[in-house]
C-alpha cells in the first residue's frame, strides 16, 4: 500500500494534491550522478534506486557515495532551500588504502 503526503493550498480557490516521492537528476555522467529527492522520502528513495539500477545497468551494481541535506550556495534561507540529495557511482566504489586503515 502506498502512502501519500497531502497538502491543501489556499489562494482564492481551494485545491488539494498529494505529493509523491520522486528523484530528479541534478548531475549525471556515464558512470555516476547526483539525484535530488523530492516529496515523500521513502518513495523518493525507491525512485532513486530505480534510476540508479537503470543508469548502472552495464555495471550490475551501484554504490551510494553520500546521502544527506544539501544547501545551494545561492540560498539565503537555509531551512527553506535545503534539499535532500544522493550521489552515487556505478559499480563498486574503490576505497583507497589510507582510508581503509582508519
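Readers should treat all values here as calculations from the given coordinates under stated rules, not as data from a laboratory. Bear in mind that the values here come from a model prediction, so they are computed numbers and not experimental data. When we count neighbours, we look across all protein chains shown, and the Cβ atoms used for this are built from the backbone with ideal geometry, even at glycine.
If you go through region 23-46 and pick out every residue that is part of a helix (DSSP H, G or I) and in contact with a strand residue (DSSP E or B) (Cβ under 6 Å, 6 or more places away or on another chain), you end up with 1. Of all residues in region 58-73, those being within 17 Å of residue 28 (Cβ to Cβ) and surrounded by fewer than 10 Cβ atoms within 10 Å (Cβ to Cβ) number 1.
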